[in-house]
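No value in this document is a laboratory result; all are computed from the given coordinates. Being a predicted model, the structure only gives us computed values, none of them experimental. Cβ placement follows ideal geometry from the backbone for every residue including glycine, while neighbour counts extend to all protein chains displayed.
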């Protein structure tokens with residue numbers, strides 16, 4: 001697959017539209033974060049489109065800005081945001097406890113990576129029709145495991161079937177992205193992960209009704 005500014009801008013625009021429709025289907029503060037996932041994916045892809053333009057036309061200020069913004073999305077936002085969003089739409093007590101633990105893990109790895117982004121700014125270069133992001137940090141294997149637990153395993157603990165599918169596909173697409181190119185894994189995986197927006201939209205196209213009913217009945221117990 002070939003990646004380019006055109007591909008990123010097209011994906012970003014499409015996801016922004018899907019994201020806006022998904023947000024409109026959400027109800028209340030608890031549902032909003034998970035409904036925002038497609039829209040956030042769209043912003044991320046538009047940012048990488050801007051990065052492609054900066055790399056192709058030699059625009060250093062735009063390159064620095066877009067690299068930093070994209071890295072905040074890929075390295076910091078997702079491991080914190082995904083488990084938190086999944087937690088908010090969960091009614092089962094034991095699942096909420098597990099997800100709370102994963103939120104702590106996600107927050108830890110997100111802040112860890114943020115420290116290194118600030119300390120050692122990420123660099124971006126074009127490699128094999130994709131963008132390679134260099135962000136030096138220690139304990140790469142351990143960080144990757146915790147990152148995958150936060151972004152892929154947390155949805156598996158949800159009581160929502162389509163959220164489970166979201167997590168399973170996220171992990172599967174991570175494997176595919178690594179097979180395509182290890183050095184450009186971040187860029188390739190995030191492009192593939194944009195496909196997951198369709199799953200989020202599907203979740204808000206009907207199944208959320210059962211969650212709303214379960215949350216209403218469980219609210220007294222959750223408050224105790």
Practice problem: Per DSSP H run of at least 4 residues, take -39500 (n - 2.57); add these up for the chain, divide by its residues and hand me the 222 nm value, nearest 500 deg cm²/dmol. | Solution: -23500 deg cm²/dmol
Practice problem: Round to the nearest 0.05 the FRET efficiency obtained for residue 111 and residue 53 when R0 = 22 Å and r is the Cβ-Cβ distance. | Solution: 0.10
Practice problem: Please report, in whole Å, how far the alpha carbons of the chain spread along each principal axis, starting with the longest. | Solution: 58, 37, 30
Quiz item: What angle, in degrees between 0 and 90 and rounded to the nearest 10, separates the Cα long axis of helix 37-57 from the longest principal axis of the Cα atoms of the chain?
Solution: 0 degrees
Quiz item: To the nearest 10 degrees, how steep is helix 5-25 against the longest Cα principal axis of the chain, on a 0 to 90 scale?
Solution: 20 degrees
Quiz item: Which peptide among 68-78, 93-103 comes first, and what is the full order, when sorted by highest mean count of other Cβ atoms within 10 Å?
Solution: 68-78, 93-103
Quiz item: Gain in length, residue 164 to residue 24, computed as 0.36 nm per residue apart minus the alpha-carbon separation, to one decimal in nm?
Solution: 48.2 nm
Practice problem: Return a whole-number percent for the relative contact order of segment 5-223, with Cα pairs under 8 Å and 6 or more residues apart as the contact set. | Solution: 23 percent
Exercise. For a quick protection proxy, order the peptides 146-152, 20-26 by their average other-Cβ count within 10 Å, most packed first.
Key: 146-152, 20-26
Quiz item: Taking the Cα atoms only, what angle lies between the long axis of helix 60-71 and the longest principal axis of the chain, rounded to 10 degrees?
Solution: 30 degrees
Practice problem: May I ask for the distance between the Cα centers of segment 72-144 and segment 1-63, given as a whole number of Å? | Solution: 18 Å
